[in-house]
Amino acid sequence: MPYSPLTHDSVFLHVFGEPEGLPLLESLINAHFEAVGLPLVHKLQLQPRDLTPEHQGEKLALVDILAEDETGRIVNVEVQTTRKPAYFERTLFYWARLFARQLPVGDDYGKLRPVISLNFLEYEITKKGPWLHHFRLPHTTHLGFIFVELPKLLRSPGRRSLLKKAAIWGTFLERPEISTPGGPVALVALLVSARARMEAYMRIAPEVYNEIGELIGEARGEARGEARGEARGEARLTQEMSRVAVALLNEGMDVAKVASLTGLPRAKVEALSKTHKS
């Protein structure tokens, strides 16, 4: 069982791997790219997750989330909840297939774009050392691996100040049920939106809820099946998302995008926008 509901494969995919979740995915990636000194991504587009073999007998590969930015750079985002003996070899295999399949016959090697693998681990690689690792080849930016040890992050002293946004996002991935952590207003708004998408998915996918079991029930502190409790929860969620919408409007985001990101009706967002401007 995943330690956190957000690192359950299907929940993570719903929150970050759908078109509506692209602002969340971009923020999650950029927080970690910024921490290790990589150029930030912009205008992400989701790509097919299945890396179909090109030759008979080759192994099929299925990644968690695959995206490409406006420069053609490819980012593979993976979540691993259990320790696997050959996980690093698998990560390298995914990278190799993504990198090699870029060039058709006759194209120049200069057209190759970087492939970066961002991995969130629900276990510790070692008991000592940092919680964030960045591996790259010298003299090229085309190969990059980032590994984030989420449990180690939680027990790191002063983690909020260590790598700023990366630490905030990592803490949130492990503990989405707690109060939204501090940080820039726009980032907090995105964290609240991510939590709302997670909770919405848990309501429409009860089999996932059952798989995660008591963790979610305890985290949310709700009595399942009580209509009154659900009504209070919906009202609280609407109130919270309204605050998120105002924060995003303050950042200059347009009404349609705010409505899509928060799940609020467009009319309500327009009303909030008018109130904000007045």
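Condition check: at pLDDT 95 or above, of a type in the set (S, T, N, Q) and either surrounded by 10 or more Cβ atoms within 10 Å (Cβ to Cβ) or over 21 Å from the mean Cα position of the chain (by Cα) (or both). Does residue 91 satisfy that? Before you say what the answer is, go through the steps one by one.
Details: at pLDDT 95 or above: yes; of a type in the set (S, T, N, Q): yes; either surrounded by 10 or more Cβ atoms within 10 Å (Cβ to Cβ) or over 21 Å from the mean Cα position of the chain (by Cα) (or both): yes.
Answer is yes for this residue.
Hey, could you check the range 119-158 for residues that are among the acidic types (Asp, Glu) and touching an Asp or Glu at 6+ places or on another chain (Cβ under 6 Å) and say which is surrounded by the most Cβ atoms within 10 Å (Cβ to Cβ)? If you could, list the steps in order and put the result at the bottom.
Going residue by residue through the range 119-158, those that are among the acidic types (Asp, Glu) are 122, 124, 149.
With the extra rule that they be touching an Asp or Glu at 6+ places or on another chain (Cβ under 6 Å), the set shrinks to 124, 149.
Values: 124: 16, 149: 22.
Only one residue fits best here, namely 149.
Residue-wise test of (1) under 11 Å from the mean Cα position of the chain (by Cα); (2) under 29 Å from residue 177 (Cα atoms).
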site	(1), (2)
5	no, yes
21	yes, yes
36	no, yes
46	no, yes
59	no, no
64	yes, yes
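Quick check on my filter: what residues within the range 119-128 are at pLDDT 90 or above and out of contact with any Gly (no Cβ under 9 Å at 6 or more places or on another chain)? Spell out how you get there, then give the answer.
First, the residues of the range 119-128 that are at pLDDT 90 or above: 119-125.
Scanning the range 119-128 gives 119, 121, 122, 123, 124, 125.
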If we keep only residues of the range 5-61 that are of a type in the set (Val, Ile, Thr) and out of contact with any strand residue (DSSP E or B) (no Cβ under 8 Å at 6 or more places or on another chain), then the residue modelled with the lowest pLDDT is 52
What residue, of 105, 115, 77, is β-branched (Val, Ile, Thr) and surrounded by fewer than 16 Cβ atoms within 10 Å (Cβ to Cβ)? 105
Report yes if some residue within the range 262-275 is out of contact with any strand residue (DSSP E or B) (no Cβ under 9 Å at 6 or more places or on another chain), modelled with pLDDT under 70 and either closer than 30 Å to residue 120 by Cβ or small (Gly, Ala, Ser) (or both); otherwise report no. yes
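If I go through the range 1-38 residue by residue, how many of them are in a loop (DSSP other than H, G, I, E, B) and either in contact with a helix residue (DSSP H, G or I) (Cβ under 7 Å, 6 or more places away or on another chain) or more than 19 Å from residue 133 (Cα to Cα) (or both)? Steps first, please.
As a first pass, look at the range 1-38 and keep what is in a loop (DSSP other than H, G, I, E, B): 1-4, 8, 17-18, 37-38.
Okay, now just the ones that are also either in contact with a helix residue (DSSP H, G or I) (Cβ under 7 Å, 6 or more places away or on another chain) or more than 19 Å from residue 133 (Cα to Cα) (or both), so 1-4, 8, 17-18.
Total satisfying the criteria: 7.
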Working carefully through the options 176, 181, find the one that is modelled with pLDDT under 90, buried (at least 18 other Cβ atoms within 10 Å of the Cβ), under 21 Å from the mean Cα position of the chain (by Cα) and in a loop (DSSP other than H, G, I, E, B). 176
If you go through the range 217-235 one residue at a time, do you hit one that is modelled with pLDDT of 75 or more, more than 22 Å from the chain's Cα centre (by Cα) and loosely packed, with under 14 Cβ neighbours inside 10 Å? no
Scanning for something β-branched (Val, Ile, Thr) and at pLDDT 95 or above, does the range 80-87 turn up at least one residue? no
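The values are calculated or read from the model by the stated rules, or taken from the named source; none is laboratory data. Just so you know, these numbers come straight off a predicted model, no measurement behind them. In this analysis, Cβ positions are derived from the backbone assuming ideal geometry, glycine residues included, and neighbour counts consider all displayed protein chains.
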